[in-house]
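The values are calculated or read from the model by the stated rules, or taken from the named source; none is laboratory data. Please read all numbers here as calculations on a predicted model, not as lab measurements. Neighbour counts are summed over all protein chains in view; Cβ atoms, including those assigned to glycine, are modelled from backbone coordinates with ideal geometry. In case anyone asks, the SASA skips ligands and DNA or RNA and just uses the protein heavy atoms, side chains included. Shrake-Rupley method; radii C 1.70, N 1.55, O 1.52, S 1.80 Å.
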Amino acid sequence: KRAEQAAGERTARVEQKLLLSELLRKKAEEESAKAIESLRITLLERTAQAAGMQAQLEAGLASTHSAKEEVASLREERAALDTRVRALQGELDEQRALVGVLEAKLQHMHAAEVDWLEERRTIDWEKRRGAHWP
């Protein structure tokens, strides 16, 4: 009887250990499942953050590319304007030279007119004095 009782106690202890082992295994599985779910959520959040950061970087790169294109366009426009300014400066220099020639001609004409008027006055004065004219 004692052997049966001892065997029964051993069986009960083994069954308790099995139950305890099963409970610990289930608890470990639940904790593992919770940890896996938490990691999955963290991974999804980080993936979303990375996608947002990538979108921001791509937008920044697009903006930078657009700004570079704008700068290049402005440089081309400035070069064209510089060329136009040089051409206009050349035209202005030509006009100034022409004005100089015209001023010289005007001064010459004015001097000739003054000489003519002087000669006219001399002739008129001599006529009044009674000088002989052919």
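Report yes if some residue within the stretch 8-18 is out of contact with any Cys (no Cβ under 9 Å at 6 or more places or on another chain), at pLDDT 95 or above and either open to solvent by 100 Å² or more (accessible area, probe 1.4 Å) or basic (Lys, Arg) (or both); otherwise report no.
Within the stretch 8-18, the first condition is being out of contact with any Cys (no Cβ under 9 Å at 6 or more places or on another chain), and the residues that meet it are 8-18.
Remaining after also requiring at pLDDT 95 or above: none.
So far as the stretch 8-18 goes, no, none of its residues is out of contact with any Cys (no Cβ under 9 Å at 6 or more places or on another chain), at pLDDT 95 or above and either open to solvent by 100 Å² or more (accessible area, probe 1.4 Å) or basic (Lys, Arg) (or both).
Check whether at least one residue in the stretch 97-118 is within 34 Å of the chain's Cα centre (by Cα) and assigned to a helix (DSSP H, G or I), and report yes or no.
Narrowing the stretch 97-118 to residues within 34 Å of the chain's Cα centre (by Cα): none.
Checking the stretch 97-118: not a single residue is within 34 Å of the chain's Cα centre (by Cα) and assigned to a helix (DSSP H, G or I).
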